[in-house]
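Structure first, then comments.
Every number in this text was worked out from the coordinates using simple rules, so none of it is lab data. Treat the numbers as computed from the prediction; the structure is a model and nothing was measured. Cβ placement follows ideal geometry from the backbone for every residue including glycine, while neighbour counts extend to all protein chains displayed.
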């Protein structure tokens, strides 16, 4: 798996202006000089701020004035005992499982269908991918209406559609379903990101040489066997990438939940808890604690993946 | 692309393939359908019971009303994303040039450290960020938000440009150096003219990302500087503004990035794939 994206086009060399030749070392120094502002910016805004958050998470800061009184790990202990954080974990698990599984199945399924040499492939592909271009807020606002849970004469959205089509058994309470309301929020998330998963898989399928398909067919493999035994095993690295990307997205989900559920505790996730406890409740120490816990959960996924991707690249 | 397998024959299995593809297309189009059908109805035609029906006549009531509500924040969004996208791509281009063509001791360690910044949950830096922006006096307004988008855009923009430049043959740079060109003149006369495709990819990517951002905007701006995502979310949360106006507003808020996708989709997808660290 390389991280190359684009290929160079034909090249014509403009005549550079004549200048006295510089020592390469000086040019390298210039490079370091020009890179420095970015390195400092990331140093402060990423690593410095993470350290600062870590410090806040070990303080007693509650209220508008910063208070860095040392509190050790007590905020972490309290968070683990917090019933609201237990709801967050439950919701994150429900959301992650459905969102990741939904995107992988739909994405792989659509990619295989599109790989059958169909007419209008480009059209379908663009259509499946367009939700990636719009914001989670727009998605959330529209799906909140589509998934309106009102019943009887106030019925609307998808429930109304189901009812008109005679599919009354599909009428449900969506995100107001007790305990599993979060499952409904995974639907727009799948709507938004399954096209992206499809594009990842389709790229993988296109990289398979035709000779492999031919060889399998000559051996008498059916289309099903061709995919099951020859093609799907080659898709494993793509599934891994997709798992990491989708998994870390779902651990961070925020906009979509805010747009659909507002600040309802039943549909709380770590990101919304962090937001409300910090900016509504002024409980900065707890907000920082949630932020750091989120960072750790994402880091466990992403750091090995980063090194895996870059190491593979170096071997090329 | 080359796939010619079975094209032209319409066997039962082909029919099933097309049926499945069309069903999926309906799933992806439902929200767009609701936004447009609702948006184009006259106020007196809007009702929950008929929300799935096509409008009897084209009317712009909902779009006009939604635009009246969202116009200031739409302009805020443009004032935010255009500078953010341009500054981001300049910074990314320079970084990518250095990290691909002027590697130095330690640059292989620096690169993943930069990249990590694009995966972090921003909740983990949110409190220091607010404090810091207050201290330097950039809290509440659009310039501060531009700065934040540029800084947190460094990883992805650097990645896209670095991968692009890595594919430029070193021989071009070597021959320029033999002709006496140095760091800046190679960048200016050789690399930059070849970078147009990457600039398009990065501009589009940063435009879309900053337009669609909600988290930074909701935490770092005050109401007069709200970009459209925050304004739309507030509009949807209020009891005063009817759902039909919300649907029209959602469409208006999505329109700029949708237009970019429709006209420059190929470049958008490249940015998307770069974010997955694979090509």
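Before moving on, here are some points about what is shown:
- Prolate/oblate/rounded label for chain B (Cα gyration tensor, a/c 1.5): oblate
- Neighbour-count ranking [beta-carbon atoms within 10 angstrom, fewest first] of B:100, B:93, B:23: B:23, B:100, B:93
- Fluctuation leader among B:43, B:104, B:207 - chain B, Gaussian network, Cα springs under 10 angstrom: B:104
- Modelled this way, with points 7 Å down the Cα-to-C-beta line, the labels at residue A:29 and residue A:180 are 6.7 nm from one another.
- The orientation-averaged projection of the convex hull spanning the C-alpha atoms of segment B:25-104 amounts to 9.2 square nanometres.
- Length added when fully stretched, residue B:82-residue B:238, from 0.36 nm per residue minus Cα-Cα: 53.2 nm
- Most mobile of B:96, B:137, B:117 in a GNM of chain B (Cα contacts under 10 Å): B:137
- The Cα trace of segment B:228-279 gives Rg and Dmax of 15.3, 47 Å, the first to one decimal, the second as a whole number.
- Expected 222 nm ellipticity per residue - DSSP helices of 4 or more, -39500 (n - 2.57), all of the protein assembly as shown, to 500: -21500 deg cm²/dmol
- Taking the fewest neighbouring Cβ atoms within 10 Å as the starting point, the ordered list for B:28, A:68 is A:68, B:28.
- Between B:155, B:197, B:169, the residue with the greatest mean-square fluctuation in the GNM of chain B (Cα pairs under 10 Å linked by springs) is B:169.
- Sorted ascending by nearby beta carbons within 10 Å, beginning with the fewest, B:101, A:62 become A:62, B:101.
- For residues of A:274-286, the mean tally of beta carbons on other chains within 10 Å: 2
- Full-extension gain in nm, residue B:57 to residue B:130, via 0.36 nm per residue minus C-alpha separation: 21.4 nm
- The protein assembly as shown shape via C-alpha gyration tensor axes, a/c threshold 1.5: oblate
- Taking a ≥ b ≥ c as the square roots of the Cα gyration tensor eigenvalues, segment A:174-301 comes out prolate, since a/c reaches at least 1.5 and a/b is larger than b/c.
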